[in-house]
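Laboratory data are not the source of any read-out in this text; all were calculated from the coordinates shown. Because the structure is predicted, anything quoted here is derived from the model rather than measured.
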Amino acid sequence: MEELAEVVAINDTQITLVSQVKSSCNSCSQVDSCASGQVAKAIPHKKLSFILPYPQSISSDINDTTINVGDCVVLSLPEGDVLQSAWQVYLLPLLGLFIFSALGQWLLSQQALTHELQALLVGILGGYCGHRLAKYLQNKPNRIAKLQPEILRILTKPIDVTNR
């Protein structure tokens, strides 16, 4: 996955970048007749600001190039790691909910639980356990390092040439 960002500040150890948050509604051919497209037009586009460590953010291909404030950079995230994180964050809580709900219903049919609300609470507990497992997996240091954006290319500002 690649994204454009603008360098807004640089100090000895960090680069501050700003990226435009994009809506998928702006590129659709039905944007003028769709309610979602009208809402997307009415709401101002937000900007995402984040900080990268300077030495780790420059790939070996561009070490000879300096980054200046105002430059546009191309950031990259490995798609496989992003998809694996999305799978964990969205599906683990659902799987926990479904599995523990089935367990709760089975315990209810075996009369180990006395009321349906207890079976419901077992299902909710499973969803919570899936959420906690996903959160634990996402907060591992190797996972955080894999999801750190990397600067692929530097797109310098164009030279302003005007006829006087």
Item checked: Full-stretch length increase - residue 81, residue 110 - with 0.36 nm per residue and alpha-carbon distance subtracted -> 6.2 nm
Next item on the list: Name the long-range amide H neighbours of residue 113: under 5 Å, sequence gap of 5 or more, or other chain; modelled H, no Pro or chain starts.
Entry: 108
Note to self: I need the shape label for segment 81-143. Rule: rounded when a/c is under 1.5, else prolate if a/b > b/c, else oblate, with a, b, c from the alpha carbon gyration tensor.
What the structure shows: prolate
Next item on the list: Find how much the distance from residue 94 to residue 124 grows on full extension, using 0.36 nm per residue of separation minus their present alpha carbon separation; answer in nm with one decimal.
Entry: 9.8 nm
